[in-house]
Amino acid sequence: NLYKYGLRCVENSLSLLNPNQNLAKIPASRLRWYSLAEYLYADTLYLMINEKTQEKESQETLLFYSLKHSLEAANKGAQAGLNILVLDAAKQFWNICTKLQESAANRKRLIYPIFSLIGYLKDCKESSEPDLILLLIKLISLAALENQDYQNGERAVDMAFELVPKNLQKTLWENKMIFMSKQGKNELQAISNMKEVEASLQAWVNGNSR
């Protein structure tokens, strides 16, 4: 099976990296190849899924393993300072999420990975795909609300503000207000303290909080 052969090749490549090694000490010229290896690992696992012959549980196991390596590809790409690697991994990550997001149990398991991915995108200031960021925020917001993880939901939204242009931030403000309200915070006071909020957005928030 070519997929299994491909996995062995990728595993051999990644075995050269000590799992406890500080990625910051690895030259970017090497780290980028480890990021690519993680991406290929995730892609190969994804391609091994057969909806016709595999049980749903087996499919989801492969999907979560694929997601793990996709997230690690983004991590290593961010550490290497190569936005294209982080962005490609983020797109791959989202494609995997679309196969998992219908289940509430799966959505709960997706909270931490999505939060981490948004963090990697923020670290490298990768803001070229705001629609992708908004899709990730929509999913993590739903999962955070379902599981009363309001703090991490709000933190994810706050990171997204740095990656989404102001004219597309309406959904972010909606989610932020919900998370703040759930935590008993004074959302209007928080808005008034944000100096860079456009007047139109502030007017919208004030109008919808009455």
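The values are calculated or read from the model by the stated rules, or taken from the named source; none is laboratory data. Fair warning: this is a prediction, and the values are worked out from it, not measured in the lab. Note: ideal-geometry Cβ built from the backbone for every residue, glycine included; neighbour counts use all protein chains shown. These area figures cover heavy atoms from the full protein model, side chains too; ligands, DNA and RNA do not enter into them. Shrake-Rupley method; radii C 1.70, N 1.55, O 1.52, S 1.80 Å.
Data for the structure
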quantity: Sole exception among (1) open to solvent by 60 Å² or more (accessible area, probe 1.4 Å); (2) modelled with pLDDT of 95 or more; (3) at negative phi for Ala144, by number; calculated: (1)
quantity: Selected residue (only one of Leu100, Leu85, Leu62, Leu71 is within 15 Å of Ala143 (Cβ to Cβ) and not small (Gly, Ala, Ser)); calculated: Leu100
quantity: Check on Leu163, hydrophobic (A, V, I, L, M, F, W, C), outside any helix (DSSP H, G or I) and in contact with a Ser or Thr (Cβ under 8 Å, 6 or more places away or on another chain); calculated: yes
quantity: Which numbered condition Asn50 fails, given (1) under 21 Å from the mean Cα position of the chain (by Cα); (2) free of Cβ contacts under 8 Å to residues at least 24 places away in the same chain; calculated: (1)
quantity: The range 150-163 residues that are of a type in the set (Asp, Glu), paired with ones that are at pLDDT 95 or above and open to solvent by 10 Å² or more (accessible area, probe 1.4 Å) (beta carbon under 9 Å, 6 or more apart); calculated: Glu162/Lys122; Glu162/Lys125; Glu162/Ser127
quantity: Odd one out for Tyr120 among (1) surrounded by 17 or more Cβ atoms within 10 Å (Cβ to Cβ); (2) more than 30 Å from Ile49 (Cα to Cα); (3) hydroxyl-bearing (Ser, Thr, Tyr); calculated: (2)
quantity: Residue within the range 1-9 that is outside any helix (DSSP H, G or I), at pLDDT below 95 and either open to solvent by less than 80 Å² (accessible area, probe 1.4 Å) or out of contact with any Pro (no Cβ under 9 Å at 6 or more places or on another chain) (or both) present; calculated: yes
quantity: Residue match in the range 18-25 (condition: at pLDDT below 95, crowded, with 16+ Cβ neighbours inside 10 Å, closer than 20 Å to Ala74 by Cα and over 20 Å from the mean Cα position of the chain (by Cα)); calculated: no
